[in-house]
Amino acid sequence: MSADRLAHATEAVVERCISLMVGGGHDHEVHELARLRARLHEPLRVAIAGRVKAGKSTLLNALVGERLAPTDAGECTKVVSWYRDGHTYAVTEVGRDGGRRELPFRRDGGTLEIDLQSTPAEIDHLDVMWPSRSLREVTLIDTPGLASADDTNSVRTRDFLAVEDDRPSDADAVIYLMRHMHRLDSEFLETFFDHTLSNASPVNAIAVLSRADEIGAGRMDAVDTARRIASRYASDERVRSLCSTVVAVAGLIAETGLTLTEAEAAWLRQLAALDASELGPLLLSADRFVDPTRTALAPENRADLLARLGLFGVRLCIARIRAGEVSTAVELARVLVEVSGLTELSGLLRDHFLPRARTLQVRSVLSGLRAMAARVGASDPALAATVVAGVEELEAGAHELAELRLVHLLLTGMVSFGDDDAAEVRRVTGTSGTAARLGLPDDASPAEQQAAALAGIEKWRVRGERPTLDPAGREACAVVVRSYEGLYAAAFAPPSVADAGVA
Amino acid sequence: MSNTSAPAPPDLLASALGVAELAATMDRRDLAERIRASVTRARRPGTVVVVIGEFKQGKSSLVNGLVGRGICPVDDDIATSALTVLVDAPEVNVVVHRRVEGELRSVAIEPGLLPSVVTEHGNPGNQLGIERVDVGVPSRLLAQGVAIVDSPGAGGLGAGHAAATLAFLPYADAVLFVTDASAELSAPELAFLAEAGERCRRVVVCLTKIDLQPRWRDIVALDRGHLDRVGVDAPIMPVSSLLRAAAIEHRDREMNDESGYPALLDLLRDEVIDKAREVAAEQAEREAADALTQLQAALQSELAVLQDPVVAAATVQAAEEAIARFEHLKLAGARWSQVLNDRLTSLNSDIGFSFRDAQRAWSKTVEDRLEKLSNAKAWDLLCRDVQTEVAESVAALVARMDEGAIAAAEAVAEALDAEVGVDVHPVIGVDTGALWQSARREERDKVTKTAARSVGQTVGALRGAQSGIMLLGMLGTLLPGAATTLGLANPIGLSIGAAFGVKAVLDQRKRRVSEGRQKIRMALKQFLDEVGFRVGNEITSSLRTIHQQLRDQVGERVTELQRSAAEVASQASQAAQLDAEARAARTVVVKGLLAAAGEIGLDLGDQPVPR
């Protein structure tokens, strides 16, 4: 079953549930089922979560490439906000009671200014429809910060991510933003994930070490330091059991890099032309940089630059201009985006989340169905049993879900193989092309591919028969064998068919 | 805020010094020295300033900014991992206290090696078992008697660390809470500040890294709002350690002002050091007044003999009786000595009992909760609760021990007073009780909630803070160690697998949970055993020290009083033998001295003048 066919089968199960429930006094469930069904046709939902002031809105803007989500020095995002592609620009307030109300909005200095009609407590989420190429494949969801001094904001995020209950989350995948933390801190993992996040798993989560430009006191090597720290986190066993990897991103630099104007570039050039004796003291601190008594460039322009780039960004641009490497807005923008780490993050989204988008969505929908079954089970056990049966039938037949589960078990340490074997399992169950999944070069002949697949089947079949293996390990081996079988079949077929023809 | 450095009540200290001078003139070096020592203490009272904050907020840079030199290692990534105490010294020196097989060993090391012992990089997970590092460093702030305690950043406000730090706060004179200007205060930070505000007299929020944040003023306003909301009366001081370091390097006064450090140092001086000075100056005043009374009594009885040599015999006899009585007091059979022994024995068994009781309670908490442990969240909570419970009960024990020591000192003073007898007072002119009770109770309570530190003279200056630092160092070394062991046993992967659960996995999960529980039980048991052993040892040795110090101090005072009585006797007999001319001359001298004493007495305020 391919991912698309799995999605179709899942939709069929949802529809069967609807037909069972419609007219039976289950209006609420039917409504929810319709939403679950719709989800299968939407882009992947990626939530951006993390502690208060981790830079979530800034990162969202950087990923969209436009300044949409409002940002501020203080805590700013008070309600969960969805940013999705659409045919027109519209902002809708969705109440806790399900009511939808379209809101007027302005763009103030680039970011959206929205007048909420209800209090944050009454709002389930804001739905921002925004025609954008970046939102075509993913819907981005901005959340209020965890560990907020204003408790109600944190509660809203925890509600949304379904941190504490068994309710499935509305997000299919999570980008978790973290500030620099200590690995011995017992809060570390909690800050990381609030680790009971019911749907979270290394298969659908990426962590971002955010505000990377501030880590090294804004020195020129700040982002490199941040990268080093991120890779150290990523090699921590406990971190790996929570997310697939950690990358450092300087959100503000990225956001501004994508929206830098020629005027801003001209101001930067003007500053870069200053004498070193004047420039040095100016760049020493934020207060000095905007000091009205200093004469280089109008103070308000300096303040604008600082707000857009931060002290690190300003220093970076000026250093590069003075070195003669760049000069125009386009060139500066390229440097900023490159240094920010955004490219790496986008690459991860593209390679890690998107190829599995359908499977992840199916997983969300299935856990939604299970939760619903648990809920109606008290009043109508027969109905619940039918729903669960449908879910289980799907789960049993879908190799994609088995692979996803295997990767989860492997990454969380529930099933352990040696390092080499673990890498092999990850490769085989991965999302790249057939040859790459077999560990062969792209131009490997079909015969070579078959041979590799057969060797894999043999190896893992033998291993699965070891008497010392626990049940989970045995199941894991069976999944790997199954994946190799799929690859063996795919090696015969032309690539286009291979994608659809596994299993 | 003024920029003049004003030592608290100067007239008072001048009068005290006057008494010292008078004592020296009268050949009473023992009294003179005691007063001079208390004046020195009043000029540089021991004040303890604790620096606390979450990981990576710029704690070490703040400490460097305060002492005015780059002494604590600063790194973008790797944090300070050991408790560091900075005190004044003529040149930089570093002493490392580490625990080797239960024994505390202190070694002086090259200052250049500091990073290798106090950072995560040089000493990962504190594998060297370092409990505390004392750094001596020349600094204008420290020269005023300030000790800076830099709490390790490893734990931040998490789990047991917060508990250990909070337990220490009653011993601190001020808390500098470090948070950077990149974000407003978070919920855990605010919760900690609210607790800290309850436990420490002065809490100051230092907003660091303002050089990097253009909107730091907004953050100040937001933090102000948060602090007001939770009712914490703490000033917010914006600082830039980067500007401070640059200003010191270039000797740039303007930049120094910009760094915010001068304002912070002023605040510390006005609200922390001066307060401590006032308390210490009052103490010096009391001691001086007591000494003055002794001196005046000696002069009065000499004058009486000079004016009427007939009374000499009676005076000498009274003084000799007093000497004999004091001699008896030096013997082991003296009642005060028995009172001291009894009090300390009962304190010992009381503390021992409370400690065993606390240990039982810890084990019970662990056993009760382990059985119900089902997911990672509950596990983390258990871990935190056990650490908190241990930290708080150990802190309570230390406080109780200090209180017991004060009570014992008071009982000893009472017994001594009864034993010395009222009739000695006119002879040596002293109210003995006042000598032992170095601080009046209501003042003590005003000064600190634990009442521990102000015993000052009696139990040894800074004793309270010392037990506090001991406590912090000990729990600090135990807790991260525990967190690491426990962290590895953390069944975290188990809780998030639910969404993927099939039967085989769920069965296995159950097995893993019970395995995990077993591991946790072992780890916690080890942690509690270690705490039990270390705290037990610490209690025994503290009680022994208290006992010895009380005995020594009473002994010294008795010797001093005996000396006063002997002075009276010898002056009286000498005076009686003088011829008329010499007597007249001596009378003038004694009257002069008495007049001088009277004047100093007026400055010192109301003190009992015999007759």
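The values are calculated or read from the model by the stated rules, or taken from the named source; none is laboratory data. Because the structure is a prediction, the values reported are computed rather than measured. Using ideal geometry, Cβ is built from the backbone for each residue, glycine included, and neighbour counts are taken over all protein chains shown. We work out accessible area using only protein heavy atoms, side chains counted, and drop any ligands, DNA or RNA first. Shrake-Rupley method; radii C 1.70, N 1.55, O 1.52, S 1.80 Å.
Name the residues in the stretch A:58-81 that are closer than 21 Å to A:LEU258 by Cα, modelled with pLDDT under 80 and open to solvent by 30 Å² or more (accessible area, probe 1.4 Å), would you?
Within the stretch A:58-81, A:PRO70, A:THR71, A:ASP72 qualify.
With the condition kept exactly as written, say whether any residue in the stretch A:249-268 is in contact with a strand residue (DSSP E or B) (Cβ under 6 Å, 6 or more places away or on another chain) and buried (at least 19 other Cβ atoms within 10 Å of the Cβ).
yes
Which members of the stretch A:312-371 meet the condition of being acidic (Asp, Glu) and modelled with pLDDT of 90 or more?
A:GLU331
Being open to solvent by 60 Å² or more (accessible area, probe 1.4 Å) and closer than 30 Å to B:VAL588 by Cα: is that true of B:VAL310 here?
yes
Among (1) modelled with pLDDT of 80 or more; (2) under 30 Å from B:TRP336 (Cα atoms), there is one condition B:LYS275 misses while meeting the rest; what is its number?
Going through (1) modelled with pLDDT of 80 or more; (2) under 30 Å from B:TRP336 (Cα atoms) one by one, B:LYS275 breaks only (2).
Can you name the condition, by its number, that A:ARG16 falls short on among (1) closer than 18 Å to A:THR111 by Cβ; (2) at pLDDT 85 or above; (3) surrounded by fewer than 20 Cβ atoms within 10 Å (Cβ to Cβ)?
Of the numbered conditions (1) closer than 18 Å to A:THR111 by Cβ; (2) at pLDDT 85 or above; (3) surrounded by fewer than 20 Cβ atoms within 10 Å (Cβ to Cβ), the odd one out for A:ARG16 is (1).
Does at least one position in the stretch B:595-610 carry a residue that is farther than 28 Å from B:ALA23 by Cα and part of a helix (DSSP H, G or I)?
No, the stretch B:595-610 has no match at all.
Would you be able to tell me the number of residues in the stretch A:465-486 that are farther than 19 Å from A:ARG437 by Cβ, in contact with an Asp or Glu (Cβ under 9 Å, 6 or more places away or on another chain) and away from chain B (no Cβ under 11 Å)?
0
B:ASP257 - would you say it is within 30 Å of the chain's Cα centre (by Cα), free of Cβ contacts under 8 Å to residues at least 40 places away in the same chain, loosely packed, with under 15 Cβ neighbours inside 10 Å and more than 10 Å from chain A (Cβ to nearest Cβ)?
So B:ASP257 does not fit the description; no.
Across the stretch B:172-208, what is the number of residues that are outside any helix (DSSP H, G or I) and within 7 Å of another protein chain (Cβ to nearest Cβ)?
Of the residues in that region, 5 qualify.
Would you mind telling me which numbered condition in (1) of a type in the set (Phe, Trp, Tyr); (2) touching a Gly at 6+ places or on another chain (Cβ under 8 Å); (3) away from chain B (no Cβ under 11 Å) A:PHE312 fails?
In the conditions (1) of a type in the set (Phe, Trp, Tyr); (2) touching a Gly at 6+ places or on another chain (Cβ under 8 Å); (3) away from chain B (no Cβ under 11 Å), A:PHE312 misses (3) alone.
Just to be sure, is A:VAL462 β-branched (Val, Ile, Thr) and either open to solvent by less than 20 Å² (accessible area, probe 1.4 Å) or within 14 Å of chain B (Cβ to nearest Cβ) (or both)?
no
Given the conditions (1) closer than 18 Å to B:ALA291 by Cα; (2) open to solvent by less than 40 Å² (accessible area, probe 1.4 Å); (3) under 25 Å from the mean Cα position of the chain (by Cα), report the number of the one that B:SER564 does not fulfil.
For B:SER564, the exception is condition (3).
Just checking: which of the helices (runs of 4 or more DSSP H) contained wholly in the stretch A:217-304 hold 2 or more residues that are charged (D, E, K, R) and more than 14 Å from every other protein chain (Cβ to nearest Cβ)?
A:262-272
Quick one: which residue in A:GLY98, A:GLY23 is without any contact (Cβ under 8 Å) to a residue 12 or more places away in the chain, surrounded by fewer than 18 Cβ atoms within 10 Å (Cβ to Cβ), away from chain B (no Cβ under 14 Å) and not charged (D, E, K, R)?
A:GLY23
Please return the ranges of helices (runs of 4 or more DSSP H) entirely within the stretch A:339-441 where 3 or more residues are surrounded by 20 or more Cβ atoms within 10 Å (Cβ to Cβ).
A:357-376, A:381-397, A:399-412, A:434-437
Taking strands (runs of 3 or more DSSP E) that do not extend beyond the stretch A:1-106, which have at least 3 residues that are closer than 30 Å to A:LEU209 by Cα?
A:44-50, A:81-84
Can you pull out the residues in the stretch A:115-141 that are of a type in the set (Val, Ile, Thr), within 25 Å of the chain's Cα centre (by Cα) and open to solvent by 10 Å² or more (accessible area, probe 1.4 Å)?
The one that is of a type in the set (Val, Ile, Thr), within 25 Å of the chain's Cα centre (by Cα) and open to solvent by 10 Å² or more (accessible area, probe 1.4 Å): A:VAL138.
Would you check which residues across the stretch B:224-253 are outside any loop (DSSP other than H, G, I, E, B), open to solvent by less than 30 Å² (accessible area, probe 1.4 Å), farther than 16 Å from B:ARG69 by Cα and more than 9 Å from chain A (Cβ to nearest Cβ) and list them?
Of everything in the stretch B:224-253, those that are outside any loop (DSSP other than H, G, I, E, B), open to solvent by less than 30 Å² (accessible area, probe 1.4 Å), farther than 16 Å from B:ARG69 by Cα and more than 9 Å from chain A (Cβ to nearest Cβ) turn out to be B:LEU227, B:ILE236, B:MET237.
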